[in-house]
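Colleague: For reference, the structure I am asking about is given below.
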Amino acid sequence: MDLELFLMQLFSGLALGAILVMVALGLTIIFGMLGIVNFAHGALFMVGAYAGLWVASLTGSFWWALLIAPIAVGAFGMLVERVLIRPLYKRTPDDPLLLTFGLGYVLVEAVRITFGTDGIPFSAPESLQGVVDLGIGYFPLYRLFVLGVVAVILVLLWVALEKTRFGLVVRAGARDPLIMRVLGVDVSRLWLLVFGLGVGLTALGGVLAAPMRNVSPEMGTLVLAEAFVVTVIGGMGSLLGAVVAGLLVGVAVSMTALFAPEMATIVMFGLMALILLVRPQGLFGRPGVGA
Amino acid sequence: MSSTSHAAPAALRPPQAVGEAGFLSRWRVPLSIAVLCVLPWVLPSQALAVNVLIYGLFAVGYNLLFGYTGLLSFGHAAFFGGGAYITGMAIAHFGLGWFPAMLVGVAGSSVLAAVIGALSIRTRGIYFCMVTLALSQLVYYTALQASNWTGGENGLRGFTVAKADVLGFTVNLLDPMQKYYFLMVFAALALWFVSRVLNSPFGAAIEAVRENETRARACGYDVERTKLLSFILSGALCGVAGTMSAIHLSIVPLDALHYHTSSIVVMMTMLGGAGSFFGPFVGALVFLLIEDVASLWTSHWQLIVGVVFILFVLFLPKGIWGTLIAWRNRP
Amino acid sequence: MTTQTTALMQVENVGRTFGGFVALAEVSASFERNKVTAVIGPNGAGKSTFFNVLSGVLPPSTGSIRFKGQELAGTKQHRFAHLGIARSYQITNLFPKLSVQENVRVAAQALRTRYNLVMNRSAYPELVEKADAALAHVGLHAKRERVASDLAHGEQRALEIAIALVADPELLLLDEPTAGMGPEETKEMVALLERLATERTILLVEHKMKMILGLSDRILVLHHGRLIADGTPQAVQTDPEVRRVYLGQNDGYA
């Protein structure tokens, strides 16, 4: 085994995992606060990628796409929360789930109508193309960039969650929704913001992923399943779990591709099945929560 | 430690479980069979009638788990597609006759359901749907990769069943009408079986689990085992629908295992009304009618189905049939 | 204890922790047949944890529970009903969309047949008879056709008891049977409990002190997860430790 190839594949897996971290974090944050599984999450990832594509074609700049697309899709998420999901909080947890599931279905078809059913290539800006020599081997610059962006987002999120009142409330609320009433928090506005944030994160994942693969209306389906796998492995409702499991799954997929390409997609589901058998609450989950 | 903190999370259950009562309940199997008998004569095409038959049964099997046991699965394509593939492979690769092949298909989807069910039931509440979705994706990608056996992306071909000998009669399966009534026999048997299960003590047990898991456990029900058995029965019934689809189409498209197929059955069950006997068939009929009519003037009929589905979740969560019988059962 | 041989249930050094939090520590007690024992204590004293441990909802972290000589620690919760231990819940916990009769019938069925796919439910008329008898016992027989969620609060509490009773349990665990009840409904429930007390072993958590004193043969007092008193109502009432714990508590307790 060539060490350089091994390192490159490891690195590529980390970049893949970083995207999954964005998606799974969004899913986990929404679930932790609102108690609903957002089944439109994969579709919103895809919408993020298309929004990026569209903004890039309008402005001619990848950077604007990277900035505007997640914010715009996040704002759309807030609209969805307010108009469609809000009337369902009084009902069983199934109803918001079924609604977001229907929304995902509609979004995929809406994108097919607007952008066509075929995949569209989306290239990274020239300044991010090519490879860079890190001393131990040559690595694609764009993947390095993806890792950097995700690292920055994680730091920002960490600061927002640990150092601000907003974060205090989110962390407390994820543990026990009653606490928020005690703290006198405007729950309705908080849920709006959290849903927007979660959707924005997955949309950012979509924009970042776009140059690494073709953009197609179906790209969200696999991502949704991958995000679920990451959430189950990491532990239900655990943000740290989402980060660790996201990277783990990325690396596992990438490494399997090196040895047995046909097993690459299958391996993460196998990993999830294994976790369910030996530690159903996930790596970082507390027992009794979801398992 | 306050006592409320030990309460299990609210059991997932369809928004409003409502079942038929009185006449509709007592005569549900003969009534269903009567309706199925006239279906090819009243619907615009026989192809539509066969699809209503197959997807209706698929939804009935799904409803046993979702509507009656209160478990929302997003992975039932695995059992529908699994049944179809295993039947097709049994004929194409092992030269089995159509009937043993169908039996093997149903047995295979039951085993698949036992494995997926045992894993997903280890999680509680809302995670159940995530795990079922992920595990069904595992089946999908396995079928995609095992192309020597499954035909991969092109689907499984080469197992046309042209005629079937039943009790001395020969059914010509190339004739749409004969094929319809041939397949209807299996649907009718499956419906009779479902009706029997719902009337049985086990039927009462799954309703108890749906209504209140905590209480059911305190009463002495092994909730996990009850759920697993329901999951397996549901998977087996969806497997019957899958084998019927294989015999009907003479191919198994890879799409049979796709998330899209799991989605369709959730939508059909919701549109018709979860937790009622006729609801899933009504839902399948409405869904396929929308597809049939809307696809005449747009290739994007899924947008319409999706919007209708969202409106139903918001405003008519009991579904069409569920709302009708709730109105009929009103005090 | 001299009565150990006749005790229905023996609890020895039972403890339960959640993470680092000790909810219950070193509780020992034994319960004799056909006696009513009340468990009291301020909020957070560990009463509910104690109940959940005794009914199998939570496995004990330490200690042992023997029921008719059989060790219960490690037994799955659903087995408890089969062994003869039934419970009611503090928060009304029914099968809301089933009929009143079916609520009780399905509880009776759990002990008779659970995985039978072949027979018809109506092939077990004795279950319906049992259900009707239990409903008659709690005064709900006339409402057996109603949907459970349509009942008044007090009636739902009575239905809770009927569900527990239909299993004909040797030990009945009642978690605040009069929670949320008005004076009139409470009076009816007390009358029902008095009838039950003559024929069963009952363990109950309650806050209404007057009711406890009238009903119980014995009172256990929990405080911060520990058993601080165990004795007759008279003895517990005059116990200095108990008085100290309850001092300054609101009137509901004393």
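What follows draws every value from the coordinates through simple rules; no lab data is involved. As the structure is a computational prediction, the values presented were derived from the model and not from experiment. Please note: Cβ atoms are built from the backbone with ideal geometry, for glycine as well, and neighbour counts cover all protein chains shown.
Colleague: Cα axis of helix A:62-80 to longest principal axis of chain A: angle in degrees, 0 to 90, nearest 10?
Modeller: 30 degrees
Colleague: Here's something else I'd like to know. Which of A:Ala69, A:Gly17, A:Leu3 sits closest to the plus end of the dipole of the stretch A:1-108, meaning its Cα is farthest towards the positive end, when Lys and Arg get +1 and Asp and Glu get -1 on the C-beta?
Modeller: Farthest towards the positive end: A:Ala69.
Colleague: I would also like to ask the following. If you find the alpha carbon centre of the stretch B:156-219 and of the stretch B:47-103, how far apart are they in angstrom?
Modeller: So the two Cα centres are separated by 9 Å.
Colleague: Roughly how many debye, to the nearest 20, is the charge dipole of the stretch A:99-197 about its Cα centre, given +1 on each Lys and Arg Cβ, -1 on each Asp and Glu Cβ, and no other charges?
Modeller: Details: 8 positive and 7 negative charges, 103 e Å.
The dipole magnitude comes to about 500 debye.
Colleague: If you fit an axis through the alpha-carbon atoms of helix A:264-278 and take the longest principal axis of the Cα set of chain A, what angle between them do you get, 0 to 90°, nearest 10?
Modeller: Helix A:264-278 sits roughly 40 degrees off the main axis of chain A.
Colleague: In µm²/s, what is D for chain A at 20 °C and 1.002 mPa s, where D = kT/(6 pi eta Rh) by Stokes-Einstein and Rh is the Kirkwood radius from Cα pairs? Don't jump to the answer; show the numbers that get you there.
Modeller: Details: Rh = 19.4 Å.
It comes out at roughly 110 µm²/s.
Colleague: For chain A, what is the calculated [θ] at 222 nm in deg cm²/dmol (nearest 500), taking -39500 (n - 2.57) for each run of four or more DSSP H residues and dividing by its residue count?
Modeller: Details: 11 runs with 208 residues, N = 291.
Mean residue ellipticity at 222 nm (helix-derived): -24500 deg cm²/dmol.
Colleague: Now for a different question. Each residue of the stretch B:276-285 in turn: what ³J(HN,Hα) in whole Hz from Karplus with 6.51, -1.76, 1.60 and θ = phi - 60°, glycine and Pro shown as x?
Modeller: 10, 6, 8, x, x, 5, 4, x, 4, 4
Colleague: Still on this structure, I have one more. Please state the charge dipole magnitude for chain C, taken about the Cα centre, from unit charges on C-beta atoms (+1 on K and R, -1 on D and E), reported in debye and rounded to the nearest 20. Write down the numbers at each step before the final one.
Modeller: Working: 28 positive and 27 negative charges, 103 e Å.
Using Cβ point charges on Lys, Arg, Asp and Glu, chain C gives about 500 debye.
Colleague: Taking the Cα centre of each part, how many Å lie between the stretch C:109-184 and the stretch A:183-222?
Modeller: Result: 48 Å between the Cα centres.
Colleague: Which of B:Leu316, B:Leu183, B:Leu71 moves most in a GNM of chain B, Cα contacts under 10 Å?
Modeller: Its mean-square fluctuation being the largest, the pick is B:Leu316.
Colleague: Under a Cβ-Cβ cut-off of 15 Å, what is the net charge of the residues other than C:Ala142 that fall near it, where Lys and Arg count +1 and Asp and Glu count -1?
Modeller: Working: positive: C:Lys143, C:Arg144, C:Arg146; negative: C:Asp132, C:Glu145, C:Asp150, C:Glu155, C:Glu188.
Here the count lands on -2.
Colleague: Placing +1 on the Cβ of each Lys and Arg and -1 on the Cβ of each Asp and Glu in the stretch B:15-321, which of B:Ala113, B:Leu43, B:Leu133 has its Cα farthest towards the positive end of the resulting dipole?
Modeller: Positive-end residue among those listed: B:Ala113.
Colleague: Tell me the net charge near A:Pro217. Cut-off is 12 Å between Cβ atoms, A:Pro217 excluded, with +1 for each Lys or Arg and -1 for each Asp or Glu.
Modeller: Details: positive: A:Arg112; negative: A:Glu109, A:Asp118, A:Glu218.
With Lys, Arg at +1 and Asp, Glu at -1, the neighbours total -2.
Colleague: Shifting gears a bit: For chain B, modelled as a GNM with alpha-carbon contacts under 10 angstrom, which of B:His300, B:His76, B:His260 fluctuates the most?
Modeller: Checking each option, the largest mean-square fluctuation is seen for B:His300.
Colleague: Now, a different point. Springs between alpha-carbon pairs under 10 angstrom, Gaussian network model over chain A: which of A:Arg213, A:Arg91, A:Arg112 fluctuates most?
Modeller: Per the Cα network of chain A with a 10 Å cutoff, A:Arg91 tops the list.
Colleague: Short version: ³J(HN,Hα) in whole Hz for each residue of the stretch C:83-98, in order, from phi by Karplus 6.51 cos²θ - 1.76 cosθ + 1.60 (θ = phi - 60°), x for Gly and Pro, what are they?
Modeller: Karplus-based 3J(HN,Hα) across the stretch C:83-98 equals 7, x, 10, 10, 9, 10, 10, 5, 8, 3, 9, 10, 9, x, 9, 8 Hz.
Colleague: Another question, if that's okay. For chain C, take the longest principal axis of its alpha carbons; what is the angle in degrees between that and the long axis of helix C:125-137, to the nearest 10 within 0 to 90?
Modeller: Approximately 50 degrees, to the nearest ten.
Colleague: Which one, B:His93, C:Phe95, A:Met255, projects farthest toward the positive side of the charge dipole computed for the protein assembly as shown from Cβ point charges (K/R +1, D/E -1)?
Modeller: In the protein assembly as shown, that residue is C:Phe95.
Colleague: What's the longest uninterrupted piece of chain C once you rule out the GluC sites (Glu not before Pro) that are loop residues per DSSP with at most 12 other Cβ within 10 Å?
Modeller: Working: sites that count: C:Glu145, C:Glu199.
After excluding every exposed loop site, the longest remaining stretch is C:1-144.
Colleague: Between the alpha-carbon centers of the stretch B:258-323 and the stretch C:211-249, tell me the distance in whole angstrom.
Modeller: Each part reduced to its Cα centre gives a spacing of 61 Å.
Colleague: With +1 assigned to the C-beta of every Lys and Arg and -1 to the C-beta of every Asp and Glu, and no other charges, what is the dipole magnitude of chain B about the Cα centre in debye, to the nearest 20?
Modeller: The dipole magnitude comes to about 700 debye.
Colleague: Taking the Cβ of C:Val36 as the center, what net charge do the other residues with Cβ under 10 Å away carry, scoring Lys and Arg +1 and Asp and Glu -1?
Modeller: On the way: positive: C:Lys35, C:Arg200, C:Arg218; negative: C:Glu194, C:Asp217.
Net of charged neighbours comes to +1.
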